[in-house]
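Enquirer: Okay, handing you the structure first.
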Amino acid sequence: MVFLLPGVKFDLDLIKKYDTRAPRYTSYPPATELSETFTTKDFQAAITASNQRQTPLSLYFHIPFCQSACYFCGCNTVISSNKNIAKPYLEHLVQEIQNTTALIDTSRKVLQVHWGGGTPNYLELHQVEFLWNKINHYFNIDSQAEVSIEINPRYVTREYIQFLKDIGFNRISFGIQDFNPEVQVAVNRIQPEAMLFDAMGWIKEAKFDSVNVDLIYGLPYQNLQTFRETIQKTIALDPDRIVVFNFAYVPWMKPVQKRIPQDALPAAQEKLDMLKMTIEELTSNEYLFIGMDHFAKTNDELAIAQRHGTLKRNFQGYTTHAETELFGFGSTSISMLEDAYAQNHKGLKDYYQAVTAGIIPTSKGVKLSQNDIIRRDVIMSIMSHFQLHKSDIETKYHISFDQYFSPELEELKPLEADGLVNLLADEIQITDTGRLLVRNIAVIFDTHTRTRETKFSRAI
């Protein structure tokens, strides 16, 4: 059964065939490949090489705290209603910035800043100002930089939103997940419809450049009709970007998910119906299907970056500056340099101990080989642009694409027969149907994880 959508062919039988587990490819190699054999000294060497490249920077700051646990959450969080725990964390975060910037050439322009969590608006306004001033002191923030923050609409006011805009944030995102009260109760994320519309009203009143909202399909008690109502209410909110995640039920990795009633999770067919409806509704209401789980208005920078070939993926998802290298600060943050990734300690005790000792708090990482770098370019082109020009790879890396990837090209032939890709002399094109299954296409070029699919969420 094939449904024709604006720009997308939706073949349910084909999607079922390829509904396997695969990485989300916010990096390559994926974060599962980070190893404790990678040391602080390895990261220091990578920073030195990064300084020599003089690439512009992106910065990520992790605020891990939440006042209550959302049962669907896959993030690294610290649950506490005692806000006093934020004070020592900020002190150590600033000390980490001081320790690390001693190694970074901070004359390099910062083009992107993002605060994530956890719940960044867990912080009081004076704490937001304190951290923001320290970031500006130690880094060279470009006057046109994208400065974004995630908020929880349950703990925000009009004054808080306006303060964020006044201090320098110009992009904002918040999680909706689902408007339905029964679903909200089941995942411990109760936020009435009026609250969500109030938050959006304050954001628009403050004139943020862009607003992103997150939805999740596959949550308990969802069905096609209730999720259609969520999609329609989200369209009425009028965000610039909408991310619609497939709920990854991985209780063996995230024990908090054991609190979700498993028998209330929608069946696979219901999830496919919800995905189909979501794409139909959003693409019929002036949102472009950027890829995988992202939708954006045609004038949004994600859509513009995709048209210009500057879209890429990092640990926050799709991003608009392909040329930057990312430094992450705070517990569990990941830095993504050209040839190395490094992750900070997850536990606050270990993180605090390293920072206090003046050590960069690296717990694990990975040094990329030349083969990794070549394959990353291939995979990220597939994930971000849904096409790949072989000659671009050949010119950049001085290889014969067809020889280097001969086994992969053979493995792509059955996918071509199923209408997911077009294999041309100099180009690999992802078809409209293939966009829905792009992770299954990308994994063919993955020499690290493709045989260990049980670690990952399902593609659909």
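The values are calculated or read from the model by the stated rules, or taken from the named source; none is laboratory data. The shown structure was predicted, so the numbers you read here are calculated from the model rather than taken from an experiment. We place every Cβ from the backbone using ideal geometry, glycine too, and count neighbours over all the protein chains shown. Calculation scope for accessible area: heavy atoms of the full protein, side chains included, ligands and nucleic acids excluded. Shrake-Rupley method; radii C 1.70, N 1.55, O 1.52, S 1.80 Å.
Enquirer: Within segment 402-438, how many residues turn out to be among the small types (Gly, Ala, Ser) and either outside any helix (DSSP H, G or I) or within 25 Å of the chain's Cα centre (by Cα) (or both)?
Expert: Qualifying residue count, segment 402-438: 3.
Enquirer: Since residue 300 meets every condition but one in (1) touching a residue at least 40 places away in the same chain (Cβ under 8 Å); (2) within 30 Å of residue 361 (Cα to Cα), which condition does it not meet?
Expert: Residue 300 satisfies every listed condition except (2).
Enquirer: Hey, could you check segment 1-29 for residues that are at pLDDT 80 or above and in a helix (DSSP H, G or I) and say which is most open to solvent (accessible area, probe 1.4 Å)?
Expert: Looking at the filtered set, the residue picked out is 17.
Enquirer: Here are some residues: 80, 35. Which one is surrounded by fewer than 15 Cβ atoms within 10 Å (Cβ to Cβ) and at pLDDT 90 or above?
Expert: 35
Enquirer: Tell me whether segment 289-307 contains one or more residues that are among the hydroxyl-bearing types (Ser, Thr, Tyr) and within 18 Å of residue 25 (Cβ to Cβ). Even if it seems obvious, please write down each step before you answer.
Expert: Residues of segment 289-307 among the hydroxyl-bearing types (Ser, Thr, Tyr): 298.
Now narrow it down to the ones that are within 18 Å of residue 25 (Cβ to Cβ): none.
No, the conditions are met nowhere in segment 289-307.
Enquirer: Please go through segment 112-159 and give me each residue that is surrounded by fewer than 21 Cβ atoms within 10 Å (Cβ to Cβ), among the acidic types (Asp, Glu) and outside any helix (DSSP H, G or I), ordered by number.
Expert: Result: 124, 142, 146.
Enquirer: Report, by residue number, each residue of segment 229-282 that is under 27 Å from residue 208 (Cα atoms), open to solvent by 20 Å² or more (accessible area, probe 1.4 Å) and within 20 Å of the chain's Cα centre (by Cα).
Expert: 240, 241, 245
Enquirer: Now a separate question. Looking only at segment 74-81, decide whether some residue is outside any loop (DSSP other than H, G, I, E, B) and either over 30 Å from residue 273 (Cβ atoms) or under 23 Å from the mean Cα position of the chain (by Cα) (or both).
Expert: Within segment 74-81 (the criterion being outside any loop (DSSP other than H, G, I, E, B) and either over 30 Å from residue 273 (Cβ atoms) or under 23 Å from the mean Cα position of the chain (by Cα) (or both)), the answer is yes, since at least one residue qualifies.
Enquirer: Could you tell me which numbered condition residue 399 fails, if it satisfies all but one of (1) in a helix (DSSP H, G or I); (2) more than 28 Å from residue 289 (Cα to Cα)?
Expert: Failed condition: (1).
Enquirer: Right, something else. Can you name the residue in segment 381-427 that is surrounded by fewer than 17 Cβ atoms within 10 Å (Cβ to Cβ) and β-branched (Val, Ile, Thr) and is also nearest to residue 304 (Cα to Cα) among such residues?
Expert: 395
Enquirer: Restricting the search to segment 356-401, which residues are modelled with pLDDT of 95 or more, closer than 29 Å to residue 343 by Cα and among the small types (Gly, Ala, Ser)?
Expert: 357, 358, 363, 365, 369
Enquirer: Now, a different point. Take residue 286 and tell me if it is at positive phi and either open to solvent by 10 Å² or more (accessible area, probe 1.4 Å) or without any contact (Cβ under 8 Å) to a residue 12 or more places away in the chain (or both).
Expert: yes
Enquirer: Inside segment 250-279, can you point out the residues that are touching a helix residue (DSSP H, G or I) at 6+ places or on another chain (Cβ under 6 Å) and under 27 Å from residue 79 (Cβ atoms)?
Expert: 251
Enquirer: Hey, another quick one. Of the numbered conditions (1) open to solvent by 10 Å² or more (accessible area, probe 1.4 Å); (2) part of a helix (DSSP H, G or I), residue 199 satisfies every one except a single condition; which is it?
Expert: (1)
Enquirer: Is it the case that residue 190 is of a type in the set (A, V, I, L, M, F, W, C), surrounded by fewer than 22 Cβ atoms within 10 Å (Cβ to Cβ) and at pLDDT 95 or above?
Expert: Considered against the rule, which asks whether it is of a type in the set (A, V, I, L, M, F, W, C), surrounded by fewer than 22 Cβ atoms within 10 Å (Cβ to Cβ) and at pLDDT 95 or above, residue 190 comes out as yes.
Enquirer: Same structure again: Pairs please, first residue from segment 112-132 and in the same structural domain as residue 77 (by the TED database) and over 16 Å from residue 155 (Cα atoms), second anywhere and open to solvent by 10 Å² or more (accessible area, probe 1.4 Å) and in a loop (DSSP other than H, G, I, E, B), Cβ atoms under 9 Å, 6+ apart in sequence or on different chains.
Expert: 112/56; 112/320; 112/321; 112/324; 113/139; 113/168; 114/316; 132/168
Enquirer: Of the numbered conditions (1) surrounded by 20 or more Cβ atoms within 10 Å (Cβ to Cβ); (2) among the β-branched types (Val, Ile, Thr); (3) in a helix (DSSP H, G or I), residue 374 fails exactly one; give the number of that condition.
Expert: (1)
Enquirer: Can you tell me which residues in segment 86-111 are in a loop (DSSP other than H, G, I, E, B) and either of a type outside the set (Gly, Ala, Ser) or modelled with pLDDT under 95 (or both)?
Expert: Correct list: 103, 104, 105, 106, 108.
Enquirer: Now, a different point. Give segment 349-371 a look and list any residue that's in a helix (DSSP H, G or I) and surrounded by 18 or more Cβ atoms within 10 Å (Cβ to Cβ), or say none.
Expert: 351, 352, 354, 355
Enquirer: Spot the failing condition for residue 320; the list is (1) over 30 Å from residue 54 (Cα atoms); (2) out of contact with any Phe, Trp or Tyr (no Cβ under 7 Å at 6 or more places or on another chain), and only one is missed.
Expert: It fails just one condition, (1).
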